[in-house]
Every structure is written in structure tokens, then in C-alpha cells.
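Heads up: the structure comes next, in C-alpha cells.
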Amino acid sequence: MKQLMVELIPDPELGGYTARVPDIPAFGEGETEEAAIADLREALAGYIETFGLDDAMSRLNPPSSLRLMVLELEDLVRA
């Protein structure tokens, strides 16, 4: 069984979530995280049906290391 890293993106203006797998061009949307993930599952199944499992698998990259970085963007602007 392959584990996929899913990105959940909240929509602060309209509410709800978008779920996506960064390496595969498919996404799901829903009012809750669970609904967005369920919609993503359907989108991934459609992608695999259209392009094949080998294509989907070839797009997957090993997970990267993510870190939280505190940064004041204004400090980067040079006058």
C-alpha cells in the first residue's frame, strides 16, 4: 500500500477545503477536510483511469522534510 502526502488548504473566505497530492494533478474540494479527501480519492481514481497507474506512480516523489520558518517578509525588502 502506497502512502501519499495530502495537502489540505482551507478557504478562509468561502469556507471549506481543497485537498491535493502535490505530485499528481488532481484535487478535491469539500465543506470539511473529510469531504475534500473523499473528493480527492474520486479525482485520483479518475486520473488513474485516464492516464494509468504507472503514470501516477512515476509522478510520486519521496516526502520532503517540512519545517516551519518564522520570517518577516518586510525585512527582506530592500529600500
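Results, tabulated for the structure shown:
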{"read-out": "Helix-derived mean residue ellipticity, 222 nm - over the chain, DSSP H n ≥ 4, -39500 (n - 2.57), to 500", "value": "-10500 deg cm²/dmol"}
{"read-out": "Low-density loop positions, chymotrypsin sites (Phe, Trp or Tyr not before Pro), region 14-77 - DSSP coil, at most 14 other Cβ in 10 Å", "value": "none"}
{"read-out": "FRET efficiency for L4 and E74, using Cβ-Cβ distance with R0 set to 25 Å, rounded to 0.05", "value": "0.10"}
{"read-out": "Residue with peak Gaussian network fluctuation, the chain [Cα springs, cutoff 10 Å], from T50, T32, T18", "value": "T50"}
{"read-out": "Ratio Rg/Rh, restricted to the chain and using Cα atoms, in which Rh is the Kirkwood radius", "value": "1.11"}
{"read-out": "Which of D23, D11, D75 has the fewest Cβ neighbours within 10 Å, and the rest in rising order", "value": "D75, D11, D23"}
{"read-out": "Restricting region 1-61 to GluC sites (Glu not before Pro) in coil, as DSSP defines it, with at most 14 other Cβ within 10 Å", "value": "E13, E31"}
{"read-out": "Positive-end extreme of charge dipole, the chain - chosen from L8, L40, L76 (charges on Cβ)", "value": "L76"}
{"read-out": "Filtered trypsin sites (Lys or Arg not before Pro), the chain: DSSP coil and at most 11 other beta carbons within 10 Å", "value": "K2, R67, R78"}
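Quick note: the coordinates plus some simple rules give every number you see, no bench work behind them. This is a predicted model, so every value here is computed, not measured. Note that we place each Cβ from the backbone using ideal geometry, even for glycine, and neighbour counts take in every protein chain shown.
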